[in-house]
Amino acid sequence: MRKYLGIRKDVVIAVFSIVFGLLNVAGLTMYFYDCLPVSMGMKWTLLGIGLTIVFAAIFYVVACWLLKLFDGMALKSDETRKELKGIWKYLDDHIFWVSFIGILLLWLPWVLAFYPASMDWDVYRQLSSYLGIWVHSNHDPWFSSCVLGVCYQLGVRLGSENLGIFIFVVLRDLLMALIYAKCIQMLKNMGLKRPVYWLALAFYAVTPVWGAYAKHGFKDTFCAALFTWYIMNLIVLILNQKQGTLKKGHCILYGLSALLIALFRNNCVYVAAPVTVLLVIYLLVKREKWYYSLVIVLLLGGYFAFNSYIFNYGGVEKGSAREALSIPFQQTARTVRDHGDEITEEERMAIDGLLDYDSLAESYDPLISDPIKDNAKSGVGKEAILNYFVTWFKMFFKYPLTYIEAGLGQSYGYYAFTPQFPYGAGNYNSGMTIFNWIEVETFQEYYSFHYIETWETGRNVLAAWAELWDKIPILNLTNRLPLYTWTILLMGYYLLRKRRFAEILPVLALLLMILTCMASPVNGCFRYFASVAASFPALFLILGRRLLNK
């Protein structure tokens, strides 16, 4: 059994296992009791230690098995795939078009039943910002809002608001299907075994979440595909550099994909920028042509140039800095809730200079920071901001456990295997939500989007299918965010152990994206995590044994 599972002594995996155990025990107690075991007394603390050991042992075994599995996912240099016959051979030989058509066909029921598209607050906010109903803002990336708005205006000119949103959905979904089909084809061409790339096809085509997101109008859907393309281009560039076949075209595609992900979702720049800096350093150290690095820097620099232009000349306001302050705001709110009678007048005044102190305790929701950050005071001076953060920092030493619990409560869904969040948690964002609505009351006076009433049965069937998938063991693992997080981390260790340091960059990119999710306003939000999940199959390109120059 030990030989089959690949179990061996490994200090690093042992450390990972202990961390896994601690975080999962913390996540479970935060989920059920909104606190850590140490807050509930010695009995719970001892129970937590015992569970940590059990979880660590399970993780150690699974981690060893996964590391062995990584070794066996690709064909050996002298190995060929078993020859197929008949229709199966034809399908396998034409995997790109099979994937492209198959993905679109299985997304089609979602797209048609929810015509023109399901829409949430974010979609309406982007449209309203673009059209000038609300102030022009980069809260949602302005470039992304412009793409959505242009499609909407085209539909209006053709006589239908519904048509405008549908044009956006169709064009976007075609591009997404092309990206995912290309990923599957590359998995085959790189020498991954047949089950790997066929499972990747099933992942994109059959898993309900991608069909559900394909019919939704928000920016996250397209960003997930663009981020997958970014990871693909990063891997292709690194592998071609290592085999001595790097060309300018590889650098252009990487730089272009880095630019697009940053333009379509604000947090992506916190991935693209540091990874690009490391990539450029790597290329310079390897003495690649200097203009390769220049091309990459100029393309990604287009993001900063575009933002500078729209802020200074385009009348577009910058997004609020509050979006990046979810964790400190949640820590303050939880402290006020749990220790309000201990807070000094000086601390209260410093907090009230930026946040509405009197509403913090009542507004605090461990899963989502919106009720806190959306009530942050606007137009406050630098002195008030500085006073708040000085007080926030000092209060950590008075209430360290409360601060830790607030941080965990805001993020455990991304790394701890807890039960699924109940429907509606985190303002309908925590966990798996297929976003099956189209109307938002705030915007009804401006728009008249509507579903086709006679197709309601189809919408209900699809929603039931997504709910059923979430309850089927094994299959519902595709919806479990921690599975992706820990597998990606193990992939990084696998590459480190193989001394394949350059290939760690794509892993780093995904880990950085996960960190942005953990710092986001919502705990366990698949919508935020979609870019990580969608690009997960592309990461296995690293395991390929064949040279790639395309």
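The values are calculated or read from the model by the stated rules, or taken from the named source; none is laboratory data. In this text the structure is predicted, and so the values were computed from the model without any measurement. Neighbour counts are summed over all protein chains in view; Cβ atoms, including those assigned to glycine, are modelled from backbone coordinates with ideal geometry. Protein only, heavy atoms only, side chains kept; ligands, DNA and RNA dropped before computing areas. Shrake-Rupley method; radii C 1.70, N 1.55, O 1.52, S 1.80 Å.
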Rg and Dmax of the stretch 245-356, using alpha carbons, in Å: what are they? 21.3, 66
Largest-first principal axis extents of the Cα set of the stretch 291-412 (Å): 60, 31, 23
Taking a temperature of 4 °C and a viscosity of 1.567 mPa s, what whole-number D in µm²/s does Stokes-Einstein yield for the stretch 343-437 with Rh from Kirkwood over alpha carbon pairs? 85 µm²/s
Please compute the modelled spin-label separation between T457 and I281, points set 7 Å along Cα→Cβ, answer in nm with one decimal. 6.2 nm
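Find the relative contact order for the stretch 293-396 and round it to a whole percent, using C-alpha pairs within less than 8 Å whose residues are 6+ positions apart.
Working: 73 pairs, mean separation 29.1, N = 104.
With pairs under 8 Å counted, the relative contact order is 28 percent.
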The stretch 97-232, relative contact order in percent, only Cα pairs under 8 angstrom and at least six apart counted: 37 percent
How high is the relative contact order of the chain, in percent, with contacts defined as C-alpha pairs under 8 Å that are six or more residues apart? 23 percent
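Net charge around H216, counting only other residues with Cβ within less than 12 Å of its Cβ (Lys, Arg = +1; Asp, Glu = -1)?
Details: positive: R172, K215, K219, R527; negative: D120, D122, D173, D220.
In short, 0.
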What translational diffusion coefficient, in µm²/s and rounded to a whole number, does the Stokes-Einstein relation yield for the stretch 25-155 at 4 °C and a viscosity of 1.567 mPa s, taking the hydrodynamic radius as the Kirkwood radius over Cα pairs? 60 µm²/s
Ordered by residue, what ³J(HN,Hα) values in Hz, to whole numbers, does the stretch 405-421 give under the Karplus form 6.51 cos²θ - 1.76 cosθ + 1.60, where θ = phi - 60° and Gly and Pro are x? 4, 5, x, 5, x, 8, 9, 4, x, 8, 9, 10, 7, 9, x, 4, 5
Taking every alpha carbon pair in the stretch 346-501, what does the distance histogram look like in 10 angstrom bins from 0, in percent? 8, 22, 25, 24, 16, 4, 0
Over the Cα atoms of the stretch 140-279 the radius of gyration and the largest Cα-Cα distance (Dmax), both in Å, equal 16.9, 54
In terms of modelled amide H atoms, which long-range or inter-chain residues lie less than 5 Å from the amide H of S137? E317
Where q = 0.11, 0.16, 0.27 Å⁻¹, what log10 of I(q)/I(0) comes from the Debye formula for the stretch 181-261, counting one point per Cα? -0.36, -0.72, -1.23
Going through the cross-link list K68/K242; K9/K242; K219/K394; K219/K289; K9/K498; K9/K188, which pairs have a Cα-Cα distance over 27 Å in this structure? K9/K242; K219/K394; K219/K289; K9/K188
Segment V61-A273, length gained on full extension (0.36 nm per residue, minus Cα span): 72.7 nm
Listed residues G50, M73, L263: farthest to the positive end of the dipole of the chain (Cβ charges): M73
Kindly provide log₁₀ I(q)/I(0) values, in the same order as q = 0.25 Å⁻¹, from the Debye equation applied to equal alpha-carbon scatterers of the stretch 384-440. -0.99
Karplus-derived 3J(HN,Hα) from phi for the stretch 452-469 (6.51 cos²θ - 1.76 cosθ + 1.60, θ = phi - 60°), whole Hz, x at Gly and Pro, runs 7, 4, 5, 9, 4, 4, x, 5, 5, 5, 5, 5, 5, 4, 5, 5, 5, 4
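Leaving out ligands and nucleic acids, and using a 1.4 Å probe, what accessible area per residue does the chain come to in Å²?
Value returned for the chain: 46 Å² of accessible area per residue.
Under the rule a/c < 1.5 gives rounded, and otherwise a/b versus b/c splits prolate from oblate, where does the stretch 341-398 land using the Cα gyration tensor?
Working: a/c = 1.66, a/b = 1.14, b/c = 1.47.
Oblate, since a/c reaches 1.5 and b/c is not below a/b.
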The percentage of the accessible area of the stretch 500-544 (probe 1.4 Å, all protein chains present) made up of carbon and sulfur atoms, to the nearest whole number, is 82 percent
Hey, of (i) 182; (ii) 159; (iii) 150, which did the structure itself give for volume of the Cα convex hull per residue in Å³ when calculated? (i)
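Hey, could you grab the Kirkwood Rh for the stretch 214-311? Inverse mean 1/r over distinct alpha carbon pairs, Å, one decimal.
Details: mean 1/r = 0.0723 Å⁻¹.
So the Kirkwood estimate lands at 13.8 Å.
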Debye log10 I(q)/I(0) at q = 0.14, 0.20, 0.22, 0.23 Å⁻¹ for the stretch 446-550, Cα point scatterers: -0.74, -1.07, -1.17, -1.22
